[in-house]
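Written out below as structure tokens is the structure these notes cover.
Every number here is computed from the coordinates shown, using simple stated rules; none is lab data. It should be emphasised that the depicted structure is a prediction, and the values quoted were computed from it without experimental measurement. Cβ atoms come from the backbone with ideal geometry, glycine included; neighbour counts cover every protein chain shown.
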Amino acid sequence: MKNMISFLIMFGLMAATAIANPPVIGERAPDFSVVDFDGNTHSLSDFEGKFVILEWLNHDCPFVVKFYNAGKMQELQKKYTEKGVVWLSVISSAPGKQGYLEAKAARAITKEKGAHPTTVLLDPDGTMGRAYDARVTPHMYIINPEGMLVYNGAMDDRPTPRASDLEGAHNFVVANMTRLLNGEPVEVATNTPYGCTVKY
């Protein structure tokens with residue numbers, strides 16, 4: 001009994017430590033092994049030598065709807081994947097929670113929205129989301145070709161669900177990718193992301 005209690009305490013401490021230690025800018029981004037909507041498994045190590053953009057996604061979230069209904073997210077996905085950047089949309093909603101999609105539905109809505117990510121990763125148990133400390137949708141990350149995390153934060157500086165606020169907004173992902181693709185350091189490495197909470 002004593003051993004079991006010790007194990008549970010140790011497990012609890014390990015879990016707390018994992019949650020309390022989000023990925024650090026300038027350090028190696030957490031690897032992952034996640035299946036996409038076509039049944040293919042992807043790991044960060046598969047994309048060594050390429051920039052990787054991670055976008056946490058929930059199509060029922062008004063903050064996500066803002067970007068997709070205006071075509072902004074699709075525009076950026078197309079722009080950067082055409083430049084050889086890997087764009088991974090990640091759905092970490094748990095079964096029964098808002099935003100959860102099975103593979104067939106995820107594939108269908110991606111086509112319906114005209115989205116252009118490299119693929120959509122399905123993370124229903126939240127393992128990848130928690131490893132990255134993904135808190136909201138959309139929560140954006142940029143990883144450099146060496147596998148180091150260089151950006152963690154919001155898409156832009158207008159934390160509202162209104163499409164009208166897209167005009168004139170400062171897009172951190174665009175600004176940082178422009179600099180990175182020119183061989184320059186990011187403009188802003190981290191800030192507070194905004195959106196709907198990830199439905200773990």
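The separation of region 38-112 from region 186-200, counted between C-alpha centres, amounts to 15 Å.
Antiparallel versus total DSSP beta bridges in region 25-197: what percent is that, nearest 5?
Numbers: 17 of 27 bridges.
So the antiparallel bridges in region 25-197 amount to around 65 percent.
For region 178-185, 3J(HN,Hα) computed residue by residue from phi via the Karplus equation (6.51, -1.76, 1.60; θ = phi - 60°) reads 4, 5, 4, 5, 9, x, 10, x Hz, glycine and proline entered as x. The 3J(HN,Hα) values that the Karplus relation (6.51, -1.76, 1.60; θ = phi - 60°) gives for region 63-68 are, in residue order, 6, 6, 4, 3, 6, 6 Hz. Gly and Pro appear as x. Based on the Kirkwood approach, the hydrodynamic radius assigned to region 49-109 is 12.6 Å, with every pair of different Cα atoms included. Both radii were evaluated on the Cα set of region 79-176; the Rg over Rh quotient, with Rh as the Kirkwood radius, amounts to 0.96.
Of the residues 170, 42, 59, the one with the fewest other Cβ atoms within 10 Å heads the list, and the complete ranking is 170, 42, 59.
In this structure, the amide hydrogen of residue 29, modeled 1.01 Å from its nitrogen in the peptide plane, lies closer than 5 angstrom to those of 148, 149, counting only residues at least 5 positions away or on a different chain. Taking a sphere under 15 Å around the Cβ of residue 64 and counting the other residues whose Cβ falls inside, with K and R at +1 and D and E at -1, yields a net charge of +2. A DSSP coil position with no more than 10 other Cβ atoms inside 10 Å describes the following GluC sites (Glu not before Pro) in region 18-115: 27, 82. May I ask for the net charge around residue 172, where only other residues with Cβ less than 10 Å from the Cβ of residue 172 are counted and Lys, Arg are +1 while Asp, Glu are -1? With Lys, Arg at +1 and Asp, Glu at -1, the neighbours total -3. Counted without the sites themselves, the longest stretch of the chain free of trypsin sites (Lys or Arg not before Pro) in a DSSP loop having at most 12 other beta carbon atoms within 10 Å is 1-82.
Counting neighbouring beta carbons within 10 Å and listing from fewest to most, the residues 148, 140 come out as 148, 140. In sequence order, region 108-122 has phi-based couplings of 5, 6, 5, 5, 4, 7, x, 6, 10, x, 4, 6, 10, 8, 9 Hz under the Karplus curve 6.51 cos²θ - 1.76 cosθ + 1.60, θ = phi - 60°, and Gly or Pro positions carry x. A simple charge model with +1 on the Cβ of Lys and Arg, -1 on the Cβ of Asp and Glu and nothing else charged puts the dipole of the chain at about 400 debye relative to its Cα centre.
In this structure the amide hydrogen of residue 121, modeled in the peptide plane, comes within under 5 Å of the amide hydrogens of 89, 90, 91, none closer than 5 places in sequence on its chain.
Using Cβ counts within 10 Å as a stand-in for footprinting exposure, how do 61, 196 rank, fewest first? Please list the in-between numbers first.
Working: 61 24, 196 21.
Ordered from fewest to most neighbouring Cβ atoms within 10 Å, 61, 196 come out as 196, 61.
Placing +1 on each Lys and Arg Cβ and -1 on each Asp and Glu Cβ, with no other charges, gives region 118-200 a dipole about its Cα centre of roughly 220 debye.
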